[in-house]
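Okay, so here's the structure we're looking at.
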There are 4 protein chains.
Amino acid sequence: GENKDDAVLDPIAEQQKRRWILIRAVLGELLCTFLFVYVLCATAANFVRLKTVDNPTIGAISTGFAAVALIYSFADISGAHFNPAVTFATCVTRKTSITKGLMYIGAQLVGAVLAALILLATFPGDDFNGKTAAAAVAIKPANDANIANAFLTELILTFILVYVIFAVAFDTVDDNVKVVRGSKTQGNNLTIYTTSGATKAGFAPIAIGFTLGFLCFMGGSVSGGAFNPARVFGTALVGNVWNAHWMYWIADFLGAGMAGYAQKFFATKGKAN
Amino acid sequence: GENKDDAVLDPIAEQQKRRWILIRAVLGELLCTFLFVYVLCATAANFVRLKTVDNPTIGAISTGFAAVALIYSFADISGAHFNPAVTFATCVTRKTSITKGLMYIGAQLVGAVLAALILLATFPGDDFNGKTAAAAVAIKPANDANIANAFLTELILTFILVYVIFAVAFDTVDDNVKVVRGSKTQGNNLTIYTTSGATKAGFAPIAIGFTLGFLCFMGGSVSGGAFNPARVFGTALVGNVWNAHWMYWIADFLGAGMAGYAQKFFATKGKAN
Amino acid sequence: GENKDDAVLDPIAEQQKRRWILIRAVLGELLCTFLFVYVLCATAANFVRLKTVDNPTIGAISTGFAAVALIYSFADISGAHFNPAVTFATCVTRKTSITKGLMYIGAQLVGAVLAALILLATFPGDDFNGKTAAAAVAIKPANDANIANAFLTELILTFILVYVIFAVAFDTVDDNVKVVRGSKTQGNNLTIYTTSGATKAGFAPIAIGFTLGFLCFMGGSVSGGAFNPARVFGTALVGNVWNAHWMYWIADFLGAGMAGYAQKFFATKGKAN
Amino acid sequence: GENKDDAVLDPIAEQQKRRWILIRAVLGELLCTFLFVYVLCATAANFVRLKTVDNPTIGAISTGFAAVALIYSFADISGAHFNPAVTFATCVTRKTSITKGLMYIGAQLVGAVLAALILLATFPGDDFNGKTAAAAVAIKPANDANIANAFLTELILTFILVYVIFAVAFDTVDDNVKVVRGSKTQGNNLTIYTTSGATKAGFAPIAIGFTLGFLCFMGGSVSGGAFNPARVFGTALVGNVWNAHWMYWIADFLGAGMAGYAQKFFATKGKAN
């Protein structure tokens, strides 16, 4: 028991453990992105089939509730980014290494594509005005929106998302409330945080999930409201819908990076030089 | 006071206490399944009577909120499974013994049938197009959905539910955040967890309840969206609606078992062999 | 500082402090019942004026959110019952003395009547089909519901509410998670609980508030869905609407008392006699 | 590391640190008010563009979720007032100095105006019946409401908001649950609170956010439902809509001040004189 945990004494065992934690994190990122994107797509496809009154509350509650549940489920496995823009922001602020960041983004894209494929298996295509389910729920800018407005909208929405994530999950300025990031032997760059109720970060999944909820209300009529390039990529590839696809990568990464730096500014403790 | 608690010294008293805890758990499972299924059925029946615009948000919020409240209320009594698929997953992953699992599933079915009967007492039958209230709110696959799609939908939805339950309530990979399961003298197989705010499991009812909420949005137009064989069984028996009843048992158990194993894989700590 | 807190040494100061705590509790109960009933009535009156599509989600979210906020605000002042049926259940289970229970119920009725009066001041009467706002939002059984169904509906809904309150706020079977009720010198009968995140009771306002939310979906088409005699009394007196008024007292008290005893049964620790 | 933290020994470094914490708080107040007001305005503008059924649930959920997320994000930076009425109430109850209060209110107004300007950039004006987006989502009393009703409505709604904020975030009567306000060397007047789960204040953002949610349901048909002069000012200035603008300042400040004193009365511990 106690003795085996103390693997620092055995460098090979420790290395194997670290490798396993990394593999598990990447696979966890794949699984949680798959689940998250599937929830969003299946919710949308379900209501196209039900032909009920279009109710935007449904998408927002589904997204928000799913994010809360999945972040609590995967926070201590992978950090539960499920969004390349979030991973990018952790890279530019040096919370994640470039190598690990690329592995995460790759896993997120695979997960999102799998979600769009399983969507086709659960919602066969002929219910969606001749389109497949994946094409029917793909994200694209509104027809009457110009690209500059859509770009700015995506940038701001992703800024809000990443700012909240960084502020509630990663850093805190209160010396009395330290956020535990993984065990001591693993170092900071695993970007894993506990969601124990004993720290402010215990509430992080609620704050982040609710943010994903309200963001759904804000930009749908302009940019389609993605704030997540993996969500866009999955249905784009499977449904072959590539309208302004580049925009979701550039605007979302830009907003995410800005949020990372902005939060870093506020997290600075203002010590004497 | 203090001395009587220390019942380990008295094996007969200890045995009586363990038996009482088991009886209470089974009765608690009956009561919480009764309440949960009654909430779902009464919500649906109420809105058939009100003849308002069909609003799927209502069912989702009612289900999600009820799950949050009932899991907080019964987690330390029975673990608050209220779903045979959840109990099945705890059996295959050896968190619950077969005997206790069968007792739980029996209690859940009795609770669900009682809920459907009380529904008839509160909503007399002639308001529901000649059907009884129980028949009107029974779950069945959509008429235009093929059984393979419905099966896969039930499987995935139950997978998501059980994965979240296992990830947030039972196991955690963080050594610093131990989930307390009952008192030491009772052993692990009682599958009871505390919802104290001091551990990650304090938030488990919120994560699980929100999951039951968003699942309501995802599969209604295909499988009817049960992800709980007891919910289906109660109104099936009382309302005599047996469409594809077997599917909810096989698909839900299959998805639940897969989720149990998947989460076990991620919960592995990767120690050196 | 430290020395003055230790008022046990001075019996007169201690008695004055206890009297002040009791007065504050009764006044707190008046204020929180006033606020709670005003939120419910103003929400309903606002949507009569707005003439929007009747959306039952609004009432449920408003009620649930208000209960969460007000219980967190008043739990450590008065216990935040704001419902005579809840107070009655704490009396029959000996958590509150008869004297204090009567004072609470009196304060709740005064608060509810004040809420209905202020409603008239903010929503002048001629907008509500010739009725005053208080009469327009008064609770009564549905015209086509028979009294037995309405009675049973009220009884079950109040049972659910009080069971959840007792299970999450007052007692817990886990020895490791003690709920603190007031300071040691005050004794148990003040029925005050802390909502610190360190105990299960920290989540109690969320569980109870969500319960009040989903209960709104369940019985409106039968009993009107009160599960709170004070809510009924306030608008009944000011709006002069007394349909089956006795029922809300008898059915709600009966359901509340049954819930109190049921939860006591489950909270029993099963010690050897 | 350890030694540098102990800046009390170096009065100049300590002064610089205090100045930095104040600057950061004012800038944080600007940023969080900007984000909050932008979320509210963009949500409203988005649904004008989408031309869906008017659904008041959307505004309430968006407001409530945004408040939860932003209070968790900014509570330990600035206290996350984002409302001049809240800041005013902390001034009259001596939690914030007049100087700092004025700086906060200035920052809030700048943030709200920036939000209205960015709204114009993301939602160009010709979609809103010839009005700009800022004018379209500006708050004003209902045409058929008299000013006395609107005034009283704003006063009560702000009273509820500020009472909940004070009761859950700042003061608690339970000696066992102390709310930490900033570090010891900074003194009380920084009005910063931690949202650690270990104290009741960990749930404060949920209670306050839900309050902002349900308040949205209560007064829209009378006063427009602002309970925040900065929200009104931002779109008033950019959209040039000044209907009864003074009312939102006077009524909201009055309600806020009354709530501050009322909560102070209940927070009194009743010690012997």
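Summary table
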item: Any hit, region D:256-269, residues being at positive phi, in a loop (DSSP other than H, G, I, E, B) and not charged (D, E, K, R); result: no
item: Subset of region B:225-244 that is more than 17 Å from the chain's Cα centre (by Cα) and under 19 Å from B:Asp144 (Cβ atoms) - its residue that is nearest to the other protein chains (Cβ to nearest Cβ); result: B:Ala244
item: Selection count where residues are more than 7 Å from chain A (Cβ to nearest Cβ) and of a type outside the set (Gly, Ala, Ser), scope region B:209-224; result: 3
item: Residue check for A:Leu114: surrounded by fewer than 21 Cβ atoms within 10 Å (Cβ to Cβ) and at the interface with chain B (Cβ under 8 Å from one of its Cβ atoms); result: no
item: Residue in region B:13-35 that is surrounded by the most Cβ atoms within 10 Å (Cβ to Cβ), counting only those that are of a type outside the set (S, T, N, Q) and without any contact (Cβ under 8 Å) to a residue 60 or more places away in the chain; result: B:Gly28
item: Test for B:Asn189: is it at pLDDT below 55, surrounded by fewer than 24 Cβ atoms within 10 Å (Cβ to Cβ) and not in a loop (DSSP other than H, G, I, E, B); result: yes
item: Hits in region C:93-111 (condition: among the hydroxyl-bearing types (Ser, Thr, Tyr) and either crowded, with 24+ Cβ neighbours inside 10 Å or within 14 Å of chain D (Cβ to nearest Cβ) (or both)); result: C:Thr96, C:Tyr104
item: Failed item, numbered, when B:Tyr38 is tested on (1) at pLDDT below 95; (2) in contact with a Leu (Cβ under 7 Å, 6 or more places away or on another chain); (3) of a type outside the set (A, V, I, L, M, F, W, C); result: (1)
item: Condition met for C:Ala251 (of a type in the set (A, V, I, L, M, F, W, C), crowded, with 23+ Cβ neighbours inside 10 Å, in contact with an Asp or Glu (Cβ under 7 Å, 6 or more places away or on another chain) and in a helix (DSSP H, G or I)); result: yes
item: Selection count, region B:47-62, where residues are under 17 Å from B:Ile139 (Cβ atoms) and either without any contact (Cβ under 8 Å) to a residue 40 or more places away in the chain or of a type in the set (Lys, Arg) (or both); result: 4
item: Long-range neighbours under 8 Å by Cβ, at least six apart or interchain, first residue farther than 15 Å from C:Thr211 by Cα within region B:203-223, second among the basic types (Lys, Arg); result: B:Ser221/A:Arg49; B:Val222/A:Arg49
item: Residue within region D:129-145 that is closer than 30 Å to D:Lys264 by Cβ and out of contact with any Gly (no Cβ under 7 Å at 6 or more places or on another chain) present; result: no
item: Residues (more than 17 Å from C:Thr57 (Cβ to Cβ), assigned to a helix (DSSP H, G or I) and more than 7 Å from chain B (Cβ to nearest Cβ)) located in region A:39-62; result: A:Leu40, A:Cys41, A:Ala44, A:Ala45, A:Val48
item: Single residue of C:Ser221, C:Ser196 found to be in contact with a Lys or Arg (Cβ under 6 Å, 6 or more places away or on another chain), outside any helix (DSSP H, G or I), at pLDDT below 70 and closer than 29 Å to C:Gln263 by Cα; result: C:Ser196
item: Extreme residue, surrounded by the most Cβ atoms within 10 Å (Cβ to Cβ), among residues of region D:65-92 that are assigned to a helix (DSSP H, G or I) and within 8 Å of chain A (Cβ to nearest Cβ); result: D:Ala69
item: Per-region count, region A:107-163, residues of a type in the set (Asp, Glu) and either under 30 Å from D:Val68 (Cα atoms) or outside any helix (DSSP H, G or I) (or both); result: 2
item: Leading residue by the ranking (surrounded by the most Cβ atoms within 10 Å (Cβ to Cβ)) among those in region A:133-164 that are in contact with an Asp or Glu (Cβ under 9 Å, 6 or more places away or on another chain) and more than 14 Å from chain D (Cβ to nearest Cβ); result: A:Ala133
item: Residue check for B:Gly28: facing chain C (nearest Cβ under 7 Å) and either under 21 Å from B:Leu114 (Cα atoms) or within 19 Å of the chain's Cα centre (by Cα) (or both); result: yes
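The values are calculated or read from the model by the stated rules, or taken from the named source; none is laboratory data. Only a predicted model underlies this, so the values are computations on that prediction, with no experimental measurement involved. Using ideal geometry, Cβ is built from the backbone for each residue, glycine included, and neighbour counts are taken over all protein chains shown.
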